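Presented below is the structure to which this report refers.
The values are calculated or read from the model by the stated rules, or taken from the named source; none is laboratory data. In this text the structure is predicted, and so the values were computed from the model without any measurement. Quick reminder, even Gly has a Cβ in these numbers, built from the backbone with ideal geometry, and neighbours come from all protein chains shown. We work out accessible area using only protein heavy atoms, side chains counted, and drop any ligands, DNA or RNA first. Shrake-Rupley method; radii C 1.70, N 1.55, O 1.52, S 1.80 Å.
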Amino acid sequence: RYRYYQNVCAQSYSFAWWDWARWEREIDWMALSGINLAPAFAGQEAVWQRVYRNLGLNQSEIDKYFTGPAFLAWNRMGNLRRWAGPLPPAWHFKQLYLQYRIVERMRSLGMTTVLPAFAGHVPQGILRVFPRVNATRLGHWSHFDCTYSCVYLLDPEDPMFQVIGTLFLKELIKEFGTDHVYSADTFNEMTPLSSDPAYLSRVSNAVFRSMTGADPKVLWLMQGWLFQHQPDFWQPAQVRALLHGVPLGRMIVLDLFAESKPVYQWTESFYGQPFIWCMLHNFGGNHGLFGTVEAINHGPFAARRFPNSTMVGTGLVPEGIEQNDMVYELMNELGWRQEPLDLPSWVSRYAERRYGAPNAAAAGAWRLLLRSVYNCTGVCVNHNRSPLVRRPSLHMDTELWYNASDVYEAWRLLLSAGAELGSSPAFLYDLVDVTRQAAQQLVSDYYLSIRQAFQSHALPELLTAGGVLVYDLLPELDSLLSSHSLFLLGRWLESARAVATSDREAEQYELNARNQVTLWGPSGNILDYANKQLGGLVLDYYAVRWSLFVSVLVESLNSGHPFHQDQFNQAVFQVERGFIYNKKRYPAVPSGDTMEISRKLFLKYYP
């Protein structure tokens with residue numbers, strides 16, 4: 001019945017600064033891909049602000065709750081508050097305007113929109129206005145302390161739960177109309193206050209009742225991420241209790257990470273509630289070639305054949321987009337299939353469709369990528385952990401799930417197809433992406449040489465490997481990325497500035513955008529989680545870190561003092577923070593010839 005698309009996190013990692021033109025392109029792509037169920041989450045803070053003001057909160061209490069635009073996804077799930085905020089009035093106006101157009105466009109193309117609903121999290125100001133309300137402070141989230149997390153959760157039995165939930169939804173429906181499907185996540189990465197099944201049923205029942213107060217025809221769409229994220233807490237009794245707090249069939253669960261950690265298998269198909277088999281695939285919008293093609297080619301069919309299966313659709317739920325297009329095209333196509341595809345022949349046809357012409361070298365490159373980077377098996381978590389995009393240390397992970405030589409060979413084949421396919425924009429994008437992957441592999445090799453030279457006290461070798469990495473490979477990678485518009489730091493930063501209506505806003509939005517892809521928090525709380533390989537970022541952030549690391553190792557060998565990771569971390573934090581506040585404007589227009597730069601890198605580095 002459903003082909004679902006979008007992850008709540010992508011609203012921040014990818015869509016945060018989109019204007020209507022960009023949204024329109026995405027929605028048209030969704031229609032072309034057969035997507036018929038998707039969230040429409042823009043503008044909800046404007047409606048919440050109205051509700052909070054009506055309830056008697058003042059503006060400063062609201063400002064202490066909302067995060068900045070690049071972190072709203074986690075504010076909405078009760079993980080985070082205040083960080084990088086507040087939201088300027090102009091932000092609300094612009095988001096409302098966008099949301100009107102988004103829902104209108106999606107509905108005109110026959111899609112069912114999913115609107116946000118009340119999950120139980122409230123600003124602290126509610127306790128001032130209603131001193132007798134029963135609310136409990138949740139624990140801290142991830143590596144944030146209570147300065148920016150520890151949000152209040154209303155007790156499901158408290159009458160204000162229904163008042164606030166219904167008030168919000170009525171206001172939202174009045175504003176945007178409804179298709180009767182609503183999303184709410186009370187315990188996303190947050191441990192509930194009690195594991196008593198009766199309590200958990202009361203919570204889900206309260207959320208559901210607050211929705212039906214505004215719309216009797218409600219269908220609740222819930223992420224199933226929590227069940228596999230905290231399996232020690234969510235034992236079968238707890239899962240069943242939460243799911244059965246809602247009448248069967250009035251909830252749809254997104255089995256969010258089904259290609260690696262399916263939940264339907266150990267919950268008897270979500271104990272009777274319908275579910276959508278989703279491919280998560282990407283975390284943090286990281287670059288890096290990756291896929292689990294065998295798992296997605298067989299998983300959805302196995303889920304349909306599961307005893308008493310309640311599967312009602314397939315879904316794409318990456319945390320960030322604009323990477324690994326092939327995997328999403330494959331997953332979209334599987335939503336229409338009766339049985340698994342013959343992948344090698346599918347990917348050969350994919351190359352032809354993508355570049356607009358048949359080419360043996362390009363098809364060969366794709367078959368190599370399919371069997372290597374795109375064929376991770378077992379429990380695969382696609383976080384780019386390459387030393388390139390991580391804070392340097394002597395204990396970095398260089399493990400690969402594939403044969404690196406397949407990527408080098410695919411790079412050679414793509415370059416050889418350049419004469420015939422060089423006029424295809426999709427080809428140039430893929431050439432950058434595969435060259436980038438080869439460079440990422442090379443960074444690991446140089447890192448291992450650096451580590452080996454340091455540990456065996458070989459200063460000349462350390463200077464050579466460190467010098468090539470810092471003064472040639474990373475600058476060359478940066479110039480490659482800078483030759484393509486989709487790999488520019490400037491595009492991300494300038495799109496943030498473009499939303500602003502004043503210099504002050506522009507500055508705030510740019511700091512939001514810079515922080516998200518680097519420190520992710522005031523002190524590197526979720527450091528490099530959302531790493532990207534972008535022209536400008538490689539040179540002024542990653543390369544500067546590597547330069548410092550190599551200098552510190554050289555100094556250590558010269559002086560005979562041991563290398564201390566803690567001291568290095570303190571020094572490198574200043575470099576990382578320095579990047580966020582460097583005030584440098586990065587070009588949003590590419591420069592240089594992609595083919596030429598890739599060929600130059602190839603001649604220098606092809607192993």
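Summarised as an ellipsoid, the range 471-522 has semi-axes of 25, 14, 8 Å, derived from the eigenvalues of the Cα gyration tensor scaled by 5 and square-rooted, with the largest first. Relative to one another, the C-alpha centroids of the range 43-116 and the range 282-321 are positioned 29 Å apart. Using a ≥ b ≥ c from the Cα gyration tensor of the range 361-454 (square roots of the eigenvalues), is it rounded, prolate or oblate, where a/c under 1.5 gives rounded and otherwise the larger of a/b and b/c decides, a/b for prolate? Prolate shape, in that a/c is at least 1.5 and a/b is the bigger ratio. Taking the Cβ of L527 as the centre, find all other residues whose Cβ is under 9 Å away and add up their charges (Lys, Arg: +1; Asp, Glu: -1). Local net charge: 0.
In this structure, the amide hydrogen of T112, modeled 1.01 Å from its nitrogen in the peptide plane, lies closer than 5 angstrom to those of L37, A38, counting only residues at least 5 positions away or on a different chain.
Taking a sphere under 13 Å around the Cβ of P475 and counting the other residues whose Cβ falls inside, with K and R at +1 and D and E at -1, yields a net charge of -2. Around the amide H of L219, modelled in the peptide plane, lie the amide H atoms of V181, Y182, all under 5 Å away and 5 or more residues distant in sequence or on another chain.
Can you classify the range 368-605 as rounded, prolate or oblate using the Cα gyration tensor, where a ≥ b ≥ c are the square roots of its eigenvalues, rounded means a/c under 1.5, and otherwise it's prolate if a/b beats b/c and oblate if not? Oblate is the answer for the range 368-605, as a/c is 1.5 or above yet b/c matches or exceeds a/b. For the chain, the cysteines with no partner cysteine C-beta closer than 4.7 Å are C9, C278. Here the Karplus curve 6.51 cos²θ - 1.76 cosθ + 1.60, taken at θ = phi - 60°, turns the phi angles of the range 77-83 into couplings of 9, x, 8, 9, 9, 6, 4 Hz, with x standing for Gly and Pro.
Using a probe radius of 1.4 angstrom, the carbon and sulfur fraction of the accessible surface of the chain is 52%. The ellipsoid that matches the Cα gyration tensor of the chain has semi-axes, each √(5λ) in whole angstrom, of 41, 29, 23, with the longest given first.
Taking a ≥ b ≥ c as the square roots of the Cα gyration tensor eigenvalues, with a/c under 1.5 meaning rounded and otherwise prolate when a/b beats b/c, else oblate, which class fits the range 487-607? Taking the square roots of the gyration eigenvalues as a ≥ b ≥ c, the range 487-607 is oblate. Just to confirm the number: angle between the C-alpha axis of helix 565-580 and the first principal axis of the chain, 0 to 90 degrees, nearest 10? Helix 565-580 sits roughly 80 degrees off the main axis of the chain. My understanding is that a pair violates if its Cα-Cα distance is over 31 Å; which of K532/K604; K64/K584; K170/K261 do that in this structure? Table pairs above 31 Å Cα-Cα are K170/K261. In a simple Cβ point-charge model (Lys, Arg +1; Asp, Glu -1; nothing else charged), the range 2-341 has a dipole of about 860 debye relative to its Cα centre.
Listed values for the range 550-556 are Karplus-derived 3J(HN,Hα) couplings in whole Hz (6.51 cos²θ - 1.76 cosθ + 1.60, θ = phi - 60°), namely 4, 4, 5, 5, 4, 4, 4, and x replaces Gly and Pro. Summed over the residues of the range 2-341 and divided among them, the accessible surface reaches 34 Å² per residue at a probe radius of 1.4 Å. For every other residue with a beta carbon closer than 11 angstrom to the beta carbon of D215, add +1 if it is Lys or Arg and -1 if Asp or Glu, then tell me the sum. Around D215, the surrounding residues sum to +1. Amide H contacts of L488: G535, each under 5 Å away and 5 or more positions distant or on a separate chain (H built 1.01 Å from N in the peptide plane; Pro and chain starts excluded).
DSSP assigns beta bridges within the chain; of those with both partners inside it, close to 20 percent run antiparallel.
Taking every DSSP bridge with both residues inside the range 2-341, close to 15 percent are antiparallel.
Counting only Cβ charges, +1 for Lys and Arg and -1 for Asp and Glu, the dipole size of the chain around its Cα centre is about 1120 debye. Per residue, the convex hull spanned by the Cα atoms of the range 143-302 measures out at 158 cubic angstrom.
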